[in-house]
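The next block holds one structure in the form of structure tokens; read it before the comments.
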Amino acid sequence: METLVEYVAKSLVDDPTQVRVKKRETGNSVILELHVAPQDTGRIIGKGGRVANALRTLLRTAESDQKSKRVILKIV
């Protein structure tokens, strides 16, 4: 899942070298923290949060393989 988020984020931003994805597991959930350059934050969030919501939708479909874990995407 981290590689999916990293691939999509690198495709969207101006500075792909600044993209980092950190994974944390807590209880029954997996938290993916997406770090991008400050000037690229708007590109990842998108107008009205559409890009961020699309990323979360992709993660929900990828998560269906691991039904016991909930995936949360945080954009830092």
Treating cross-link reach as a plain straight distance, find the aspartates and glutamates whose alpha-carbon is under 18 Å from the alpha-carbon of Lys69, omitting any fewer than eight places away in the same chain. Glu2, Glu25, Glu33
What does the convex hull of the alpha-carbon atoms of the stretch 26-67 project to on average, in nm²? 3.6
In whole Hz, what ³J(HN,Hα) sequence does the stretch 38-44 give by Karplus (6.51, -1.76, 1.60; θ = phi - 60°), x for Gly and Pro? x, 6, 9, 4, x, 5, 6
Cα Rg, Dmax (largest Cα-Cα span) when computed across the chain, Å: 12.1, 36
Here the gain from full extension of Arg70 to Thr26, 0.36 nm per residue of separation minus their alpha-carbon distance, amounts to 14.9 nm
For n ≥ 4 DSSP H runs only, could you compute -39500 (n - 2.57) per run for the chain, divide by its residues and tell me the 222 nm figure to the nearest 500? -11500 deg cm²/dmol
Would you please give the residues with an amide H less than 5 Å from that of Val30, counting only those at least 5 places away or on a separate chain, with H modeled from the backbone geometry? Arg70, Val71, Ile72
Sorted by chain and number, the residues with a modelled amide H under 5 Å from that of Ile75, at a separation of 5 or more or across chains, are Leu34
Integer Hz, Karplus 6.51/-1.76/1.60 couplings in order for the stretch 17-34, x for Gly and Pro: 6, 8, 7, 9, 10, 10, 10, 10, 10, 9, x, 9, 9, 10, 10, 9, 9, 9
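Where a number appears in this text, it was derived from the coordinates with a stated rule and is not lab data. The structure presented is a predicted model; accordingly, all values stated were derived computationally and were not measured.
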